[in-house]
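A short worksheet on the structure shown next.
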Amino acid sequence: MTTIALPTRFAVGSNRLATAGAVILGLVVLFCLAGPLAYHSDQVHTALDAARLSPGQQGHPLGTDDLGYDVLGRLMVAGRTSLAIGVLAGLLATAIGAVWGALAGYAGGWLDAVLMRIVDTGVAIPALFLLLVAATLVTPSIPVLSLVIGGVSWLVPARLMRAEAATLRERDFVKAITVMGAGRLRVVFGHLLPNAVGTLVVAGTFQIADAILLVAYVSFLGLGVPPPATDWGAMLSKSITYTYDGAWWLILPPGIAIVLVVCAINFVGDGLRDAFAARGRA
Amino acid sequence: MTRFLARRLLLALIVVFLVTVVTFVILHLLPGGPARGVLGVKATQAQIDAFNRAEGFDQSIPLQYWDYLVRLVHGDLGTSYTLNTDVSTLLGERLPKTLLLTATSTLLGILVALPLGVWQAVRRGRASDVVTTGLAFVLYATPVFFLSLVLIILFAQVLPIFPAQAAQGDDIASLLSQPASLVLPVLAGTGVTAVAYSRYMRSSTVDNLAEDYVRTARAKGTPERTILWRHVWPNSLTSVVSMIGYSVPVVFSGSLVVESMFNYPGVGLLFWTAARNADFPVLLGVVLVIAVTTVLGSLLADVVQLLIDPRVRVPGVKS
Amino acid sequence: MSVLEITDLRVSYGTAVAVDGLSVTVARGEIVALVGESGSGKSTVALAALGLLPRSAHVDGTITVAGKNVREATGEELRQLRGRDAGMVFQEPMTALNPLHTIEFQVAEAIRNHDPEPRRHKHYRDRCVQLLERVGVPDASKRLKQYPHQLSGGLRQRALIAIAIAAGPGLILADEPTTSLDVTVQQQILDLLRDIRDTEGTGTLLITHNLGVVADIADRVLVLRNGKVVEEADTDALFANPRHAYTRQLLAAVPRLGDTPHDEEPERDRTVLALRDITVEYHGRKVVDGVSLSVGPGEFVGLVGESGSGKTTLAQCALGLVTPRGGTVDVFGGKLTHKARRRLGVVFQDPASSLDPTKTVEQTIAEPMVIHTRTSRAERRRRVRELMDAVELPQALLDRRGHELSGGQRQRVGLARAVVLGPDLLIADEPTSALDVSVQAAVLDVLERLHQEFGFGCLFISHDLAVVDRVCSRVAVLRGGQLVEQGPCATVLHTPEHPYTRALLLASPVPDPAAQRDRRRLATA
C-alpha cells in the first residue's frame, strides 16, 4: 500500500505543529519502551480464562483480548514492533531511493531512462502483491519485514531524489567544479548528496510514517510477525471479528495509536521541510 | 503533439512489458515453481513432473516466457487453480464491480477535494483552514481498514443506517439493486482519494495565488472571484489532473482493502481469496490488470495535460 | 494636473524598512524615473501605488492616483482604479502573463473589467486588434489566438503594455520594463513608451536600475537609496551636475565606451584556446554555426551577442560541457584532459548558484587545490588567505557559507576559486550581469588586477558592449549563431564595419541625455 507523495504535504503553522509532533512522538516511544517497566503484564502466555474482559475488569485498564492478553500491555509490545519496522524500513527505503535517484538524475541519458522505467514498473505492481510473494518465500520477523517493506517502498524517494539531482546537476557550482576537474564521485558525494540532505531527511520522515502504515497493512493481511509477538496492525486485524460484539477496546486503541504516530511524524516532517526551505531561501 | 503522444505510448508499452517480465520471474521464483504452489508441499516428484508437462513448464525459460506473452496477447490469462475457471472470465465478472466502486469514490473524491482545496487555500491560516487541514491530517494518517472499521461501527452498529456488507451476486445489477449497501464502501474509498487530492489542490492553489500573473490580473482591475476561477483554478488544475491520473495504484490498493472489509465481490476480494489459496494465475491476472490500469492512468493524465495546457499542445517560440 | 501623488510613503515589513519617507508626483505627459540599486525599495513604490503590496506590509503616508486616495479606497473602488486610472507593466513578461490563456483573453479582460456593461470576450476583439497594433505587434489578428509562450520576449512585453493601456489610464507604472530584454528590443520598448506619452499624454512612473534608460526617456529623476530619495532633479540637470555623492558614485560606476584606452595588441602565434569552425545543433537547429575564435596567452577576448546568439553555448563547448557537432576545440594546444583542467578557471553569471550552499568560503576556494594538488591543509589555508586579499574580501568571511554573502561577494569568491591554481585560461560567462552597477565596477576592478597578476588568457562573455570595451582588447560579435565581426575593441566597438554591430552600439543607451537625443535622431534618420 503506497500513499501518494505530495510535493507539499501539509503546510499550516508547521513550527508549532512540528513541536507538538515531536512531543507526541517522544511520549509514544517512551510509552512503548519504558511502559512495560512500570506496567507489568504477561504478553507471552495466553490466559483463556481471562479472555475478552472489558476495560477495568480484574485490574486490566483496557481489558483483555480473545486470548486473554492485557490490551494496555499489548499496545506497548505491539508498538515496539510497529515503530522498529517503520523506522528501519523507512530509512532503508530512503537510502535505496537516494542512491538510485542520485545515479539516475546525475547520469541522465540512457541510464536515467532505464533506471526510471524500472521505478515506473515498480509503481505499477501493487506493493501488497510483492509483499504476498515475499511472505511465501521467507518467515516474517522484524529484520525480514523491515527489509521487505523497505525493498518495496523506495520508489517514491527515488523519484524525489532524481528530480533533485537533475536540478542540482544544472547548478553553476556543480558545472564550475566539474569543469575544473572534479570527478563523478566528488560531485555526487561532495556536492549532490550534501545539498539533497534536506529533501532526504524530509522524505525519510514521511517514509517512516508510510512504513508504519504498511506494517499495519501487512499484519492486517495476516503476514506480520508470528505470535506471541504482535504489532498494532495485527491487533486490529484480529479484532475485526469482534466488531459486532461491541468490543471497542480491541479496535480503537491500536487504531488510534497508528493514527497518532503517523500524524505526529507527518507534523515533524512538515516542520523539517519548511525549515530546510527557509534555509535554502536565505 | 503526435510525437509527444507516440513517445508516451511507447513508454507505457515498455512499462507493461517490464511488468510481464517481473510477474513471470516471480512465478518462477516461488519455491518449486508454480507446481508446488498448486499441488501443495506433499506432492510427489511424479505429480510435479506431470503437472509441469501439462502446463508447459518443462520447456526452456525463454520459450515459456514467449508462450506466456503470446497467450497474454490473445487475452488468455490461464485458468484458476482453485476455481477451475478462466482467469479472464473471472476478471470480466469482477472488474466492472471494482470499477463501479473505484470510479464512484474517485469521482466523489474529486468533487469534494478540489473545491475544498481551493477554499482552504483562499482562507489560508484562518481557523476554518486550520481545522479542515487538521482533519485532513488525521484522515491521511488513518489506514483504510481502520477507517472502514470506524465507519462500520458508526453507521452499521451504533446508528444502523447502512448495511456493513455489500450485496452479493454475479452482475453489477444485483449490486445496484441495493444501493444502501454501496454507501459505506464508497465512503471509505472516497476518504482515501479526497484527502490526498484536497492536500494537493490546496498547495497547488496556494502556489498559484503567489504567481506573477495573478498580480497582473489584479493590476488590470480583475475582480477577485474572476482571478480565482478563471486564472488560478485552471493553472492549479493542470498539476492536480496529472496527480489524479498517477494515483491509480493508491485507488486500487485502497479498494483491495475496502472490498475485503465490506465483503464487496470485486477484483480486490478475488485477489484476497487467491492470495490465501496461492492461486497464482488469478493473482498474476489481477496484478496485470492493476498494472495496465496504472499505466493507462498516467497516460490519460498526460493526454488531459496535453488538452488543457497550451504549453504542451502548441510549440513555443524558439529561443 | 498630477496623475500620481505620493507623500511621505513609508513601507515596512516587520522591522525591515523598505521605503522611508518617499514623496513623488507624476504629471500628465511626464515620465518620471525612480532609479536605484537592488534593495533600494523602488519596486515597492509601484506596488504600493496600486495597493498591491502583500498584507504583511505596513504602509504609511498618502497615495493619490487620479485624485483618488488609494489607501482609503474600498476593495471595489481599488479594483476600478486599477487598470482604468493606472496601468502596470512588469519586468518578467513571461511570468506576468497567464500561460493558459490566449493574448486575446488577457487583453480583452483588461477592457472588459472597466466596461460598465461587460460582454463576452469576443465582443472586444476589434478593440484588442487595435490595441495590439497600437503597441506595434505585427499580424495583430493572428497573434490574438496565440499563447504567451508562442511570443518572443519583446512581443510579450508589448502585449503587457497593451493590457496596461487597454482601459485608457492616465498613468503607467513601469517596473523594470526592459530589464529582461535585449538592448535592441529595449530600445523599441522605450520608443513605444515615449510614443504613448506623446500621443496619449499618459504620465509614466518608470522604475529602473539602468541609468542609460533614464537618460534616454525620463523627464525627471529620483535617485533612491535604502528606501530614501537622495536626489531629485530634471534629467539633464542630474546627469550634467549630480549633487549627491551617491548619484556621482552611481554615474561613475556605469561603464562607458571609449573610457579605456586600448594599446596596440601584439600578434600572437600561440593560443590557450582555439575554437575552429564550431557547429552545435539542438533538435536540428543550428545554434552555433561555423564559428572560429582564439584566445592567446594573456589575451582578454570579449564575446558579445544578444540572447539566442549562441555565446553561452560556444563557451560551454570550450569548457567541454557541450560537444560540438562539427569543428575542433583546442585547449592549450590539445584536448581538454584532466591535466589541462588544472590550468582552466571558470566563472558563471548567477551569483545565487555559483557557490555550493553547504560549503564554507574556504572550502570552496580550496577545492581545486584538493582536486589537483597534494598540498597540506596549512598550505591551502595560506593560499586561500592570499586569494581573499587578492579579491578584496575580509578574512572574516572564510567560515561563512554562500547564502550569508552578498551577490558581489559571491562573485569574488567564484573568481578566487577560478584563479586559485594560477590558471592560463579563464572563461567568464556574464560574470557581472546580475550585479548592481557599483558592485559590477568593483568586481571588474578585481578581475583586471587578477589578470595583471596571473596573466591568464580570458574569454569574457557579455551582452554589455561597454563592459567588454573596458576589460577586453579584442572582441567577437555573435548573432544567431554566426560570427558577424571580430577584431580589436578599438576598431570593432568604435568604427564597426557590420551593420549589426552598429545597431547594437546605437541601441545600448548611455548615461547622457544629450548623447541619447543625438543617437535617437541618428536611428530615425
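The values are calculated or read from the model by the stated rules, or taken from the named source; none is laboratory data. Everything numeric in this text was worked out from a predicted model, so none of it was measured. Cβ coordinates were reconstructed from backbone atoms using ideal geometry, including for glycine residues, and neighbour counts include every protein chain displayed. Each accessible area value is taken on the protein alone, full model and side chains, heavy atoms only, with ligands, DNA and RNA left out. Shrake-Rupley method; radii C 1.70, N 1.55, O 1.52, S 1.80 Å.
Surface analysis of segment A:110-174 yields an accessible area of 39 Å² per residue, using protein heavy atoms and a 1.4 Å probe.
Taking other residues whose beta carbon is less than 14 angstrom from the beta carbon of A:PRO227, and scoring Lys, Arg as +1 and Asp, Glu as -1, yields -2. For segment A:72-279, the carbon plus sulfur part of the accessible surface works out to 73%, probe radius 1.4 Å. When chain A is treated as a Gaussian network with alpha carbon springs shorter than 10 Å, the biggest mean-square fluctuation among A:LEU221, A:LEU75, A:LEU67 belongs to A:LEU67. With the charge dipole of segment B:97-308 set up from +1 on Lys and Arg Cβ and -1 on Asp and Glu Cβ about the Cα centre, the Cα lying farthest toward the positive end among the listed residues B:LEU300, B:GLY134, B:VAL251 is that of B:GLY134.
With +1 on the Cβ of every Lys and Arg and -1 on the Cβ of every Asp and Glu, and nothing else charged, how large is the dipole of segment B:127-213 about its Cα centre, in debye rounded to the nearest 20? Please list the in-between numbers first.
Values: 2 positive and 6 negative charges, 63 e Å.
Dipole size: approximately 300 debye.
Taking the square roots of five times each eigenvalue of the Cα gyration tensor of chain C, the equivalent ellipsoid has semi-axes of 43, 28, 22 Å, listed largest first.
Per residue of peptide C:91-102, the mean number of Cβ atoms on other chains within 10 Å of the residue Cβ is 5. Ordering A:MET116, A:THR167, A:VAL188 by the projection of their Cα atoms onto the charge dipole of segment A:72-279, which places +1 on the Cβ of Lys and Arg and -1 on the Cβ of Asp and Glu, puts A:VAL188 at the extreme positive end. Measuring r between the beta carbons of B:ARG126 and C:THR373 and using R0 = 60 Å, the FRET efficiency lands at 0.50. Taking the C-alpha atoms only, the angle from helix C:377-390 to the longest principal axis of chain C is near 50 degrees.
In the structure displayed, which of A:LYS175/C:LYS286; B:LYS220/C:LYS142; A:LYS175/C:LYS359; B:LYS220/C:LYS68; C:LYS42/C:LYS311 lie more than 21 Å apart, Cα to Cα?
The answer is A:LYS175/C:LYS286; B:LYS220/C:LYS142; C:LYS42/C:LYS311.
Evaluated at q = 0.20, 0.21, 0.22 Å⁻¹, a Debye calculation over the C-alpha positions of segment A:173-282 (equal weights, vacuum) places log10 I(q)/I(0) at -1.01, -1.05, -1.10.
Only helices enter this figure: runs of n ≥ 4 DSSP H residues, each worth -39500 (n - 2.57), summed and divided by the residues of chain B, yield -24000 deg cm²/dmol at 222 nm to the nearest 500.
Less than 15 Å Cβ to Cβ from C:ASP259, Lys/Arg counted +1 and Asp/Glu -1: what total charge do the surrounding residues give? So the surrounding residues net to -4.
The helix-based estimate of mean residue ellipticity at 222 nm for chain C, built from -39,500 (n - 2.57) per DSSP H run of four or more residues and divided by its residue count, is -11000 deg cm²/dmol to the nearest 500.
Comparing A:GLY109, A:GLY122, A:GLY63 in a Gaussian network model of chain A where C-alpha atoms under 10 Å apart are linked, the largest mean-square fluctuation is found at A:GLY109. With the convex hull drawn around the C-alpha atoms of the protein assembly as shown, the volume per residue stands at 216 Å³.
In chain B, Cα pairs under 8 Å separated by at least six residues give a relative contact order of 25 percent.
When peptides C:324-331, A:232-239 are sorted by average Cβ neighbour count within 10 Å, with the highest value leading, the order is A:232-239, C:324-331. Note on chain A: GNM, Cα springs under 10 Å; of A:VAL77, A:VAL218, A:VAL174, the largest mean-square fluctuation is that of A:VAL174. One way to sum up the overall shape of segment C:273-497 is the equivalent ellipsoid from its Cα gyration tensor, whose semi-axes run 30, 20, 16 Å, largest first. Our note on the geometry: Cα centres of segment A:15-69 and segment C:216-236, 73 Å apart. For B:VAL192, the shell of other residues with beta-carbons less than 13 Å away shows a net charge of 0, using +1 for Lys and Arg and -1 for Asp and Glu.
To put it simply, the accessible area of segment C:152-257 at a 1.4 Å probe is 45 percent carbon and sulfur.
If you count, for each residue, the other Cβ atoms within 10 Å and average over each peptide, how do C:364-376, C:168-180 line up from highest to lowest?
C:168-180, C:364-376
In the P(r) worked out for segment B:97-308, what percent of Cα pairs fall beyond 31 Å? The calculated P(r) of segment B:97-308 puts 30 percent of pairs beyond 31 Å. Each of the peptides B:123-134, B:181-192 was scored by the mean count of other Cβ atoms within 10 Å over its residues; in descending order, highest first, they stand as B:181-192, B:123-134. Between 0 and 90 degrees, the angle of helix B:127-140 with respect to the longest Cα principal axis of chain B falls at about 10 degrees.
Peptide B:276-284 is shielded by partner chain Cβ atoms: per residue, an average of 1 of them sit within 10 Å of its Cβ.
Taken about its Cα centre, segment B:212-268 carries a charge dipole of roughly 440 debye when the Cβ of each Lys and Arg holds +1 and the Cβ of each Asp and Glu holds -1.
Two decimals is fine: what is log10 I(q)/I(0) at q = 0.13, 0.22 Å⁻¹ for segment C:98-168, from a Debye sum with one equal scatterer on every Cα and no solvent? Here log10 of I(q) over I(0) equals -0.30, -0.86. Given +1 at the Cβ of Lys and Arg, -1 at the Cβ of Asp and Glu and no other charges, the dipole of segment C:273-497 around its Cα centre is 980 debye to the nearest 20.
For the peptide B:208-216, the mean number of other protein chain Cβ atoms found within 10 angstrom of a residue's Cβ is 5.
Across every direction, the projection of the convex hull enclosing the Cα atoms of chain A has a mean area of 17.3 nm².
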